[in-house]
1. Could you list, in sequence order, all residues of the stretch 277-295 that are of a type in the set (A, V, I, L, M, F, W, C) and without any contact (Cβ under 8 Å) to a residue 40 or more places away in the chain?
2. Could you figure out which of (1) in the same structural domain as Y157 (by TED's automatic domain parsing); (2) more than 14 Å from the chain's Cα centre (by Cα); (3) under 30 Å from A133 (Cα atoms) isn't true of S242?
3. With the stretch 299-338 as the region, which helices (runs of 4 or more DSSP H) entirely inside it contain at least 3 residues that are within 12 Å of the chain's Cα centre (by Cα)?
4. Let me confirm something: among G273, G263, which residue is assigned to a helix (DSSP H, G or I), buried (at least 23 other Cβ atoms within 10 Å of the Cβ) and either of a type outside the set (A, V, I, L, M, F, W, C) or out of contact with any strand residue (DSSP E or B) (no Cβ under 6 Å at 6 or more places or on another chain) (or both)?
5. Conditions first: (1) hydrophobic (A, V, I, L, M, F, W, C); (2) touching a Phe, Trp or Tyr at 6+ places or on another chain (Cβ under 9 Å); (3) surrounded by fewer than 16 Cβ atoms within 10 Å (Cβ to Cβ). A331 passes all but one, so which condition is the exception?
6. Of these, E195, E125, E154, E144, which one is surrounded by fewer than 18 Cβ atoms within 10 Å (Cβ to Cβ), within 30 Å of E91 (Cα to Cα) and of a type in the set (D, E, K, R)?
7. For the stretch 128-141, what are the residues that are surrounded by fewer than 23 Cβ atoms within 10 Å (Cβ to Cβ) and not charged (D, E, K, R)?
Amino acid sequence: MSGKAILVRADLNVPLENGRVADDTRIRAAVPTLELLLERGAAAVRVCSHLGRPEGADPAFGMAPVCEHLRSLLPDDRLQVLENTRFDPRETENDEGFARELAEGCELYVNDAFGSVHRAHSSTEAVARILPAYAGLLLERELEMLGRLLGDVERPYIAVVGGLKVEDKLGVLQNLAGYVDTMLIGGKMAEQLREDNPLQAQVQLPVDVIAAAEFAEGAESGVFRPDELPEGWLGLDIGPESQTLFAEKIRAARTVFWNGPMGVFEWERFAGGTRSVAEAVADCGGYTVVGGGDSVRAVNELSLAERLSWVSTGGGASLELLEGKELPGVAAIPRAAA
């Protein structure tokens, strides 16, 4: 790669506040690959990424703050950050013409954006058919660490899954059912599975919930058995007994995968379940993986990430990988897909 111009697809989709990067986790995760390319003599490294979900060229989603932050971490004049790929509607159409525009002047392509490899877009799939394509360090590491969850693992193997809708995660739940010993289910998903459980696996649902009279942070609340909820009340967190039960099972496990909060953890009154799970996963002495934006946010806010085996940068991508689906951005790279 010495003397070559290289196009890198990174995942620089980070939150912005007041025109500045609010959380640089994904930017820092991209640095090792970029650093390696520069150290090995790349003549130029052009980095492309999407940011948010803009409808057209929206200045609010411009890459300037991201570029400034990246260059503060890796100051090198050979490094260039292109504008938001989703400013061009052809990106999400996997348009070959747009891919050729991205690739113009470059001799190699490196995909290091695990969080986007489940999308067949111009910058993740089409460009890999135009330039010699390779996987970056982060992408390779994600595939390795998540792939271990579908192999021969130490037991007990616990999957902790939360969130709003069963249908959004049913595929991964069904696939993981063939690997795990127990699934601990929280969030609104638990209510749905209590009524109809299609999973052929040992499932532990909450034995109590913290419920509120309405979906409001300051609403009247209380702890109830799931079958004793007052009419119209909403379960917004797993209850104290469930928190203890879940934490005990997690701490006793040798392999843990966690995706999804146990309740509305953005509100302190209903954050206890998610917090207890995060702390238990960190306390577990086995192989621990956390994936999904809300779960990752929880472990970062609690400063627990360094106590985990792996914190995935890709929510949807990690779920589709564990569901057994082909990831277009990975399949387009011969070495990564092998």
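1. Restricting attention to the stretch 277-295, the residues satisfying the condition of being of a type in the set (A, V, I, L, M, F, W, C) are 277-278, 280-282, 284, 289-290.
Scanning the stretch 277-295 gives A278, A280, A282, C284, V290.
2. Only one criterion in (1) in the same structural domain as Y157 (by TED's automatic domain parsing); (2) more than 14 Å from the chain's Cα centre (by Cα); (3) under 30 Å from A133 (Cα atoms) is unmet by S242, namely (3).
3. On the way: elements: 315-323, 328-331, 334-337.
Passing ranges, in order: 315-323.
4. On the way: G263 fails: assigned to a helix (DSSP H, G or I).
Just one listed residue meets the conditions, G273.
5. Just one mismatch for A331, condition (2).
6. Values: E195 fails: within 30 Å of E91 (Cα to Cα); E125 fails: surrounded by fewer than 18 Cβ atoms within 10 Å (Cβ to Cβ); E154 fails: within 30 Å of E91 (Cα to Cα).
Step by step, each of E195, E125, E154, E144 is checked, and only E144 is surrounded by fewer than 18 Cβ atoms within 10 Å (Cβ to Cβ), within 30 Å of E91 (Cα to Cα) and of a type in the set (D, E, K, R).
7. Taking the stretch 128-141 as the starting set, the residues that turn out to be surrounded by fewer than 23 Cβ atoms within 10 Å (Cβ to Cβ) are 129-134, 137, 140-141.
Correct list: I130, L131, P132, A133, Y134, L137.
The values are calculated or read from the model by the stated rules, or taken from the named source; none is laboratory data. Here the structure is a predicted model, which means the values were calculated and not measured. Here the Cβ is made from the backbone with ideal geometry for all residues, glycine too, and neighbour counts use every protein chain on show.
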